[in-house]
């Protein structure tokens, strides 16, 4: 028996919509990352992008457990050499300013690093409200 390895041309991609309302951030991110990687398909191949497109709506309505709203910090640096300009932002502040970034950041952290992960990340679309621009693709609702 020969092992079947799909080619990049033979992979069929679907579109899915995920409603993030009252979903836990980490659990949502891991499930979406699984679909983006294609691990939910029987033809999954680690070195190919087998995943589907995912649209996440209502990003501002995600939930977290425990005291993460105050204790989870997002760090960024000024990029100046020797600069002390560290910027710390709590999850509550980040959700108030840019909830789309919070969800994208969580999902991006669960994808592989490198060119393959970048290719998978381009199939993710996150929106604050319940409206999205991908009705023409006829996305299916994905429940976790």
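What follows is calculated from the coordinates using simple rules that are stated; it is not laboratory data. All values reported here derive from a predicted model rather than from experimental measurement. Cβ sites come from the backbone with ideal geometry, for glycine too, and all protein chains shown count toward neighbours.
Brief remarks follow.
- Residues within region 31-67 that are farther than 28 Å from residue 5 by Cα, surrounded by 16 or more Cβ atoms within 10 Å (Cβ to Cβ) and without any contact (Cβ under 8 Å) to a residue 24 or more places away in the chain, tallied: 0
- Which numbered condition residue 72 misses (of (1) surrounded by 14 or more Cβ atoms within 10 Å (Cβ to Cβ); (2) without any contact (Cβ under 8 Å) to a residue 24 or more places away in the chain; (3) under 24 Å from residue 139 (Cβ atoms)): (3)
- Those strands (runs of 3 or more DSSP E) of region 67-127 in which at least 1 residues are farther than 19 Å from residue 28 by Cβ, considering only elements entirely within it, cover 73-77, 86-90.
- Members of region 24-48 that are in contact with a helix residue (DSSP H, G or I) (Cβ under 8 Å, 6 or more places away or on another chain), in a loop (DSSP other than H, G, I, E, B) and closer than 30 Å to residue 129 by Cα: 40
- Selected residue [touching a residue at least 40 places away in the same chain (Cβ under 8 Å), in contact with a strand residue (DSSP E or B) (Cβ under 7 Å, 6 or more places away or on another chain) and surrounded by 11 or more Cβ atoms within 10 Å (Cβ to Cβ)] from 99, 139: 139
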